[in-house]
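This report concerns only the one structure given below.
A short reminder: the numbers here are calculations on the coordinates, not readings from a lab. Since the structure is predicted, the reported quantities are computational estimates derived from the model, not experimental observations. Reconstructed Cβ throughout: ideal geometry from the backbone, glycine too, with neighbour counts over all protein chains shown.
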Ligand SMILES: C[S@@+](CC[C@H](N)C(=O)[O-])C[C@H]1O[C@@H](n2cnc3c(N)ncnc32)[C@H](O)[C@@H]1O
């Protein structure tokens, strides 16, 4: 296997210094997709004016946000400061949604620190114009922890709505066959078994997703250097459940550009923000790489390497 990974980009100033000259966006700049579908802005998600400039009057029917979690790896703030910061970008995002829109946010709970910031964030969300709709858990295959505690394998995804957006239930079906039979119910006088009644032979993902593989260096979609990359399958599920072809999707924390790529694949438009010019560049390169090669990432290579051959 090709072996040319980047180290964690948050951990090496030297690496960052060497990559920055190859990044086309400087802070405040916006990349316009030459094919006219997407936009990437090197901006602060909490800067209302910068977001308005990036959105340029367009409104999204779906927002998928994955902010830094206030855990290790990011600059840590008190939960109160963190949630006040979240309120700023959440309000900014809500203002750029259509009247009937979906809003998803990934957020962690630190079990070593009172489970912050998840519950604080949930309470703050009650004061916004959004209504809570679902609380989803994605189960990782690998976890962390000691022999003295339950292994930590969960990632949390909150789903809120504004108005009455569509929900395309077909996107919820997994590849997992239904294995439990024997729930009988009379329909029109006829005794039916649950297998007959269902829309599909496979189970719905529900609000506990057990069928999504965590990204690691052997997978094609891996983007080395991106330590917080979400699986394409999870983002694709959200995109297909809560938007239609041609719809606009926003994501204020691009990182590896997973939402951008999922939108390209599912024929949605995407406007995404990212404060770090290196991650902006990686997100743009990932889209370009996909358009050129059909590949979703670099596996164990990297976004800045010179392609061989
Ligand atoms: C958890 S990662 C997002 C991962 C992304 N969903 C993916 O699949 O690759 C959070 C990203 O937010 C960026 N970020 C942090 N603060 C920001 C801010 N104020 N505005 C915009 N982006 C920010 C970080 O640089 C990081 O790349």
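Using a ≥ b ≥ c from the Cα gyration tensor of segment 72-206 (square roots of the eigenvalues), is it rounded, prolate or oblate, where a/c under 1.5 gives rounded and otherwise the larger of a/b and b/c decides, a/b for prolate?
Oblate.
Between segment 200-249 and segment 146-178, how far is it from one alpha carbon centroid to the other, in angstrom?
Here the answer is 10 Å between Cα centres.
In Å, what Kirkwood hydrodynamic radius results for segment 130-234 from the alpha-carbon pair distances?
Numbers: mean 1/r = 0.0586 Å⁻¹.
With all distinct Cα pairs of segment 130-234 included, I get 17.1 Å.
When only C-alpha pairs under 8 Å and at least 6 residues apart count, what is the relative contact order of segment 97-183, in percent?
RCO, segment 97-183: 38 percent.
Picking from 215, 169, 239, which is most flexible by a Gaussian network model of the chain using Cα springs under 10 Å?
Judging by the Gaussian network model, the answer is 169.
Could you please rank 44, 175, placing first whichever residue has the fewest other Cβ atoms within 10 Å of its Cβ?
175, 44
Who wins for biggest fluctuation among 276, 14, 247 in a Gaussian network model of the chain, springs between alpha carbons below 10 Å?
Answer for the Gaussian network model of the chain: 14.
Taking the Cβ of each residue in 196, 264 as the centre, tally the other Cβ atoms inside 10 Å and list the residues starting with the fewest.
196, 264
Rank-order 46-52, 7-13 by packing density, defined as the average count of other C-beta atoms within 10 Å over each peptide's residues, highest first. All intermediate terms of the calculation are to be shown ahead of the outcome.
Details: 46-52: 16.7, 7-13: 13.7.
Per-residue mean Cβ counts within 10 Å order the peptides as 46-52, 7-13.
Once the Cα atoms of helix 79-95 and of the chain are each reduced to a long axis, what angle between those two axes, in degrees from 0 to 90 to the nearest 10, is obtained?
80 degrees
When the chain is treated as a GNM, springs tying every alpha-carbon pair under 10 Å, which of 187, 284, 176 comes out with the largest mean-square fluctuation?
Maximum among the listed residues: 187.
Taking 0.36 nm per intervening residue step and subtracting the Cα-Cα distance, what contour gain separates residue 306 from residue 210 on full extension?
On the way: separation 96, 0.36 × 96 = 34.56 nm, distance 3.65 nm.
Between residue 306 and residue 210, full extension yields an extra 30.9 nm.
Quick one: which of 87-99, 137-149, 201-213, 17-29 comes out on top by average Cβ neighbours within 10 Å, and what's the full order, highest first? If you can, show how the numbers build up before the last one.
Details: 87-99: 18.2, 137-149: 11.2, 201-213: 15.2, 17-29: 13.5.
Put in order of decreasing packing, that is 87-99, 201-213, 17-29, 137-149.
For the pair residue 131 and residue 78, what calculated FRET efficiency results from E = 1/(1 + (r/R0)^6), where r is the Cβ-Cβ distance and R0 = 35 Å, to the nearest 0.05?
After rounding, the FRET efficiency stands at 0.80.
For the chain, what is the convex hull volume of the alpha-carbon atoms per residue, in Å³?
Details: hull volume 53.7 nm³, N = 309.
Looking at the chain, the number lands at 174 Å³ per residue.
Nearest 500 deg cm²/dmol is fine: what mean residue ellipticity at 222 nm does the chain get from its DSSP H runs of n ≥ 4 alone, each adding -39,500 (n - 2.57), divided by its residue count? Mind dumping the intermediate values first?
On the way: 8 runs with 80 residues, N = 309.
Mean residue ellipticity, 222 nm, calculated: -7500 deg cm²/dmol.
When only Cα pairs under 8 Å and 6 or more residues apart are kept, what is the percent relative contact order across segment 14-74?
Numbers: 33 pairs, mean separation 11.4, N = 61.
Computed over segment 14-74, the figure is 19 percent.
Which whole-number percentage describes the relative contact order of segment 143-200, with Cα contacts under 8 Å and a sequence gap of 6 or more? It would help to have the intermediate numbers written out before the result.
On the way: 26 pairs, mean separation 10.0, N = 58.
Value for segment 143-200: 17 percent.
Assuming a ≥ b ≥ c are the square roots of the Cα gyration tensor eigenvalues, decide whether segment 1-160 counts as rounded (a/c under 1.5), prolate (otherwise, with a/b larger than b/c) or oblate. Before the final figure, lay out each step's value.
Details: a/c = 1.74, a/b = 1.08, b/c = 1.61.
Oblate is the answer for segment 1-160, as a/c is 1.5 or above yet b/c matches or exceeds a/b.
What is the helix-to-structure angle for 232-242, meaning the angle in degrees between its Cα long axis and the longest Cα principal axis of the chain, kept from 0 to 90 and rounded to the nearest 10?
Relative to the chain, helix 232-242 is tipped by roughly 60 degrees.
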